[in-house]
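> Have a look at this one.
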Amino acid sequence: MTTSVRASKQQQHTRSQHEQHQQPIDTTIKEDNGKGNYNFKSFLMILFSAILIRIILFYQGFDQLFSNRNEITTPLTSFKRLVEGLHLRELGLSPYAGSAYHQPPLVLLLFYPFVNSISISNSNNNNLFGTFEKSQILFLIIDCLIAIILREIAKQIPKVLPKEMKSISTNSSLPNITAALYLFNPFTIFTCIGMSTINLTNLAIVLSLYYSLKGMIFQSVFSVAMASYLSIYPVILILPCALILKHHFFPPDQTQPVAQNQLPLEQSRQLKELLERNERPMLLLFYFRIFIFFILSLSSLFYLSFTFLNSWEFIEKSYKFTFFVEDLTPNIGLFWYYFIEVFDHFRNLFLFIFQYHVFIYCIPLAIRLKEHPLFYFWSLCAIIATFKSYPALGDTALHVSLLPLLYQPLKGVKYSFIVIVVAIFVTVLAPILWQMWIYQGTGNANFYYTINLVFTIAQVLLIVDSLSVLLKLDYVNKINLKNKLLENDQSEQPQQQQQQQQQQQQQQDEKKQTDDESSSQKIDDNNNENNSEENEEK
């Protein structure tokens with residue numbers, strides 16, 4: 001009995017020790033499962049706080065202030081002009097009958113359910129924007145969607161573009177940082193509260209990047225077409241999206257194991273050349289397919305606009321208006337002041353130069369940055385925000401929000417502090433100089449345009465500095481690859497020499513054997529001849 005009791009006590013003691021050892025393991029597993037979704041709980045807190053800030057600002061009536069600021073809204077993105085177009089449409093007139101509305105027709109369909117209950121008499125009321133609660137909710141939803149998509153983009157980049165970003169763990173805070181930088185960026189908040197329709201273009205641009213990383217060709221191309229339909233200039237983003245899709249369907253690292261590990265150096269190079277020759281026609285067909293999808297998507301949007309208005313008037317009132325810069329209302333861009341001062345007989349020349357300046361960088365950057373399509377995408381977004389005819393702070397907010405996705409190649413940026421200080425400087429001084437010029441009359445247009453020049457120089461400095469850092473990193477990586485190849489060649493050379501020596505020794509041995517055999521045969525033949533002669537003599 002005593003032995004059985006002791007045995008049972010020992011078993012209980014071992015079980016308790018085993019459970020004590022297992023408890024911390026289980027808790028760690030639970031904690032990992034809680035944090036394994038890229039800190040989703042913290043993202044919900046970020047999203048909730050961003051929504052709360054926007055609701056408070058809407059409730060306090062800041063939308064009336066921000067909607068009238070020319071840094072936030074332009075003739076192409078103003079919500080007031082959109083409301084006027086909707087009221088003209090309700091009266092049975094063309095929304096382009098006046099000189100106010102210049103956005104594409106399908107934007108009216110999106111906002112029509114939100115403002116259909118507003119009477120025409122309220123359009124002249126000072127408290128007009130206090131009644132648009134549904135439209136404010138729509139702008140909140142758009143901002144939240146952009147933040148969620150940016151967070152998903154941060155997860156997808158290491159899988160498709162490992163050169164752009166190394167793999168991140170499930171506990172990484174980078175996706176949340178990317179979403180928070182967009183949601184709490186003052187430029188983004190001003191754009192949302194001012195109800196600028198540039199958010200629709202930003203949503204289409206972000207969707208195009210997301211679908212490209214996911215490998216969805218039609219959705220990606222249609223998103224680029226939608227962004228181009230809304231703002232024209234994003235048409236150049238079809239090039240980086242095509243390169244990202246190419247990296248998704250034709251990964252460049254697919255032939256490295258065969259080329260580097262299983263075959264000698266010369267044969268691996270020949271194999272790479274053969275594979276590249278075979279891939280070229282496939283790539284041409286792939287790019288042609290993307291181009292056809294883009295043309296069909298854009299033409300379908302134009303056809304829907306035509307069926308909605310029963311006329312092609314929107315092409316002249318929206319796209320021609322953008323290219324020819326018919327409204328010279330001051331903004332944060334470069335066009336308005338220059339074309340106020342330029343002579344009429346030089347206007348078309350400088351219009352071509354200014355507009356061509358946005359598109360001239362596409363092909364050179366595509367050739368140089370074909371291995372870095374994400375950086376190419378960001379650089380084109382920054383160029384559009386800097387040199388388009390009617391820029392706003394919402395354009396700048398988009399390419400600034402993409403910077404965390406490029407933190408690895410941009411660690412060596414030199415002038416980040418200057419760019420941040422200039423952004424704060426412009427944000428504070430631009431309204432002051434506008435007040436001095438327009439309301440007090442103590443300043444002139446040069447004051448305000450100087451701030452615009454400083455802001456443009458800061459964005460150009462950011463683009464040039466980032467591009468120079470990336471090119472330096474590429475140069476260093478190429479040198480490292482050459483050194484590795486030289487080391488591999490040097491390591492292979494003694495092996496090849498040994499193989500050659502072994503082959504030479506084998507050949508010498510074979511020669512010796514053949515010589516010995518031939519000499520022995522000759523001796524035997526001589527002996528036989530001698531024997532035959534002796535026999536004959538006998």
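> Determine whether segment 293-310 contains at least one residue that is open to solvent by less than 20 Å² (accessible area, probe 1.4 Å), under 29 Å from the mean Cα position of the chain (by Cα) and within 30 Å of GLU164 (Cβ to Cβ).
Scanning segment 293-310 turns up at least one residue that is open to solvent by less than 20 Å² (accessible area, probe 1.4 Å), under 29 Å from the mean Cα position of the chain (by Cα) and within 30 Å of GLU164 (Cβ to Cβ).
> Suppose we keep only residues that are open to solvent by less than 40 Å² (accessible area, probe 1.4 Å) and of a type outside the set (Val, Ile, Thr) within segment 410-433. Which one would you say is nearest to the chain's Cα centre (by Cα)? So that I can check it myself, show each step before the final result.
Here is the first cut: in segment 410-433, the residues open to solvent by less than 40 Å² (accessible area, probe 1.4 Å) are 410, 413, 419, 422-423, 426, 430, 433.
From the residues that got through so far, the ones that are of a type outside the set (Val, Ile, Thr) too are 410, 423, 430, 433.
Values: LEU410: 14, ALA423: 22, ALA430: 30, LEU433: 35 Å.
Applying the filter and picking the extreme gives LEU410.
> Which of the residues that make up segment 311-350 are farther than 26 Å from ALA430 by Cα, open to solvent by 50 Å² or more (accessible area, probe 1.4 Å) and not in a helix (DSSP H, G or I)?
TRP312, PHE343, listed by residue number.
> Test each condition in (1) open to solvent by 70 Å² or more (accessible area, probe 1.4 Å); (2) over 19 Å from ILE189 (Cβ atoms); (3) modelled with pLDDT of 90 or more; (4) hydrophobic (A, V, I, L, M, F, W, C) for PHE48 and report the one that comes out false.
(2)
> Another question about this same structure. Mind listing whichever residues of segment 202-220 are open to solvent by less than 10 Å² (accessible area, probe 1.4 Å) and polar (S, T, N, Q)?
Selection gives ASN202, SER208, SER212, SER220.
> In the set THR386, THR329, which member is closer than 22 Å to TYR96 by Cα and either touching a residue at least 40 places away in the same chain (Cβ under 8 Å) or aromatic (Phe, Trp, Tyr) (or both)? Reasoning before the result, please.
Values: THR386 fails: closer than 22 Å to TYR96 by Cα.
Exactly one of THR386, THR329 is closer than 22 Å to TYR96 by Cα and either touching a residue at least 40 places away in the same chain (Cβ under 8 Å) or aromatic (Phe, Trp, Tyr) (or both), namely THR329.
> With the structure loaded, tell me whether ILE363 is farther than 17 Å from PHE387 by Cβ, part of a helix (DSSP H, G or I), open to solvent by 20 Å² or more (accessible area, probe 1.4 Å) and of a type outside the set (Asp, Glu) or whether it fails that test. Let's see the steps before the verdict.
Values: farther than 17 Å from PHE387 by Cβ: no; part of a helix (DSSP H, G or I): yes; open to solvent by 20 Å² or more (accessible area, probe 1.4 Å): yes; of a type outside the set (Asp, Glu): yes.
Spelling it out, it is not the case that ILE363 is farther than 17 Å from PHE387 by Cβ, part of a helix (DSSP H, G or I), open to solvent by 20 Å² or more (accessible area, probe 1.4 Å) and of a type outside the set (Asp, Glu).
> With the checklist (1) hydroxyl-bearing (Ser, Thr, Tyr); (2) open to solvent by 20 Å² or more (accessible area, probe 1.4 Å); (3) over 26 Å from GLU326 (Cα atoms) in hand, flag the one item SER401 doesn't pass.
Every listed condition holds for SER401 apart from (2).
> If you don't mind, another one. Looking at the structure I just gave you, is MET195 open to solvent by 10 Å² or more (accessible area, probe 1.4 Å) and more than 25 Å from ASN39 (Cβ to Cβ)?
On the way: open to solvent by 10 Å² or more (accessible area, probe 1.4 Å): no; more than 25 Å from ASN39 (Cβ to Cβ): yes.
In short, no.
> Ok, one more. Which members of segment 66-90 meet the condition of being of a type outside the set (Ser, Thr, Tyr) and under 18 Å from ILE137 (Cα atoms)?
Here is the first cut: in segment 66-90, the residues of a type outside the set (Ser, Thr, Tyr) are 66, 68-72, 75-76, 79-90.
Within segment 66-90, PHE66, PHE79, LYS80, LEU82, VAL83 qualify.
> With (1) at pLDDT below 90; (2) among the polar types (S, T, N, Q); (3) buried (at least 19 other Cβ atoms within 10 Å of the Cβ) as the list, and SER119 as the residue in question, which single condition is left unmet?
Only one criterion in (1) at pLDDT below 90; (2) among the polar types (S, T, N, Q); (3) buried (at least 19 other Cβ atoms within 10 Å of the Cβ) is unmet by SER119, namely (3).
> When you go through LEU140, LEU200 one by one, which is the residue that is of a type in the set (A, V, I, L, M, F, W, C), part of a helix (DSSP H, G or I) and farther than 27 Å from PRO240 by Cα? Give the steps one after another, and end with the answer.
Values: LEU200 fails: farther than 27 Å from PRO240 by Cα.
Among LEU140, LEU200, only LEU140 is of a type in the set (A, V, I, L, M, F, W, C), part of a helix (DSSP H, G or I) and farther than 27 Å from PRO240 by Cα.
> I need the full set of residues from segment 156-200 which are polar (S, T, N, Q) and in contact (Cβ under 8 Å) with a residue 60 or more places away in the chain, in order please.
THR170, ASN171, SER172, SER173, ASN176, THR178, ASN185, THR188, THR191, SER196, THR197, ASN199
> Run SER268 past the list (1) touching a helix residue (DSSP H, G or I) at 6+ places or on another chain (Cβ under 7 Å); (2) modelled with pLDDT of 90 or more and report the number of the one that doesn't hold.
(2)
> If we keep just the residues of segment 434-469 that are among the small types (Gly, Ala, Ser) and surrounded by 14 or more Cβ atoms within 10 Å (Cβ to Cβ), which is nearest to the chain's Cα centre (by Cα)?
Keep residues of segment 434-469 that are among the small types (Gly, Ala, Ser), which gives 441, 443, 445, 458, 466, 468.
Checking which are surrounded by 14 or more Cβ atoms within 10 Å (Cβ to Cβ) leaves us with 443, 445, 458, 466.
Values: GLY443: 41, ALA445: 36, ALA458: 21, SER466: 14 Å.
Per the criteria, the residue is SER466.
> Can you name every residue in segment 71-103 that is assigned to a loop (DSSP other than H, G, I, E, B), in contact (Cβ under 8 Å) with a residue 12 or more places away in the chain, farther than 14 Å from ILE198 by Cα and not small (Gly, Ala, Ser)?
Selection gives LEU91, PRO95, TYR96, TYR101.
The values are calculated or read from the model by the stated rules, or taken from the named source; none is laboratory data. Keep in mind the model is a prediction, meaning the values are calculated, not measured. We place every Cβ from the backbone using ideal geometry, glycine too, and count neighbours over all the protein chains shown. In case anyone asks, the SASA skips ligands and DNA or RNA and just uses the protein heavy atoms, side chains included. Shrake-Rupley method; radii C 1.70, N 1.55, O 1.52, S 1.80 Å.
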